[in-house]
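The block underneath contains the structure these notes are about, expressed in structure tokens.
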Amino acid sequence: MSAERREELEQKIKKEATAWAVGLVNHKEIDQINILQATKKAMLKAVRGLVVKPDYLLLDALSIDTNIPQESVVHGDRECAAIAAASIIAKTYRDRIMELMDEFYPVYGFKENKGYGTARHLEALRLYGPSLVHRKSFLSNYS
């Protein structure tokens with residue numbers, strides 16, 4: 001799905017959804033507790049941030065530590081509209097953060113690569129070293 005289409009859908013989802021929220025964890029937390037645990041932490045923060053408290057959670061292939069009944073759906077973003085909607089909101093939010101980081105660290109091309117390990121991104125890491133917002137765990141995948 002193109003970024004433009006995701007942004008269109010994001011606006012529709014936010015307009016029509018009963019409630020939505022985003023949970024954030026920073027790069028330091030990800031390095032401290034690992035990407036899986038950080039993802040679960042962000043999901044739990046999002047659930048706790050909802051204005052309308054859910055009776056039941058549908059989660060994309062994970063479970064989180066809450067007493068709210070939940071179901072983990074493998075490939076949930078393909079199988080379930082609610083999970084796909086949550087994925088779109090999370091992705092567009094993260095993309096905007098990376099675009100903001102591009103203003104502070106333009107040599108890495110975050111606006112275009114959104115933090116993924118593209119050739120330009122890896123070359124910038126080789127030439128300039130990591131920025132203050134790079135995850136050490138990301139760097140270990142490309143060293």
Report the residue count in segment 45-69 for those that are over 17 Å from the mean Cα position of the chain (by Cα) and either of a type in the set (V, I, T) or farther than 16 Å from A85 by Cβ (or both).
-> 9
Only one of V47, V22, V51 that is within 20 Å of I88 (Cβ to Cβ), modelled with pLDDT of 95 or more, in contact with a helix residue (DSSP H, G or I) (Cβ under 7 Å, 6 or more places away or on another chain) and of a type in the set (A, V, I, L, M) | V22
Residues of segment 31-44 classified as surrounded by 12 or more Cβ atoms within 10 Å (Cβ to Cβ) and within 17 Å of K91 (Cα to Cα), total = 8
May I ask you to say which residue of T39, T66 is under 19 Å from N26 (Cβ atoms), out of contact with any Phe, Trp or Tyr (no Cβ under 9 Å at 6 or more places or on another chain) and at pLDDT 95 or above?
-> T39
Being of a type in the set (A, V, I, L, M) and touching a residue at least 40 places away in the same chain (Cβ under 8 Å) is the filter; apply it to segment 77-110 and report the residue that is nearest to R126 (Cα to Cα).
-> A90
Failed condition for L132, given (1) out of contact with any Asp or Glu (no Cβ under 9 Å at 6 or more places or on another chain); (2) surrounded by 13 or more Cβ atoms within 10 Å (Cβ to Cβ) = (2)
Among the residues of segment 116-136, which ones are of a type outside the set (A, V, I, L, M) and out of contact with any helix residue (DSSP H, G or I) (no Cβ under 6 Å at 6 or more places or on another chain)?
-> Y116, G117, T118, R120, E123, R126, G129, S131, H134
What number of residues within segment 25-72 satisfy the criterion of being of a type in the set (G, A, S) and assigned to a helix (DSSP H, G or I)?
-> 3
Quick one: would you say R135 is of a type in the set (K, R) and modelled with pLDDT of 95 or more?
-> no
Sort out which residues of segment 1-17 are assigned to a loop (DSSP other than H, G, I, E, B) and at pLDDT 95 or above, and write them in order of number.
-> A17
Close pairs (9 angstrom Cβ cut-off, 6 or more residues apart or separate chains): at positive phi in segment 20-44, assigned to a helix (DSSP H, G or I) anywhere | N34/S137
Quick one: which of R120, R96, R126 is more than 19 Å from the chain's Cα centre (by Cα), within 24 Å of M1 (Cβ to Cβ) and assigned to a helix (DSSP H, G or I)?
-> R120
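The values are calculated or read from the model by the stated rules, or taken from the named source; none is laboratory data. Nothing here was measured: the structure is a model prediction, and the numbers come from that model. Positions of Cβ are backbone-derived with ideal geometry, glycine not excepted, and every protein chain shown enters the neighbour counts.
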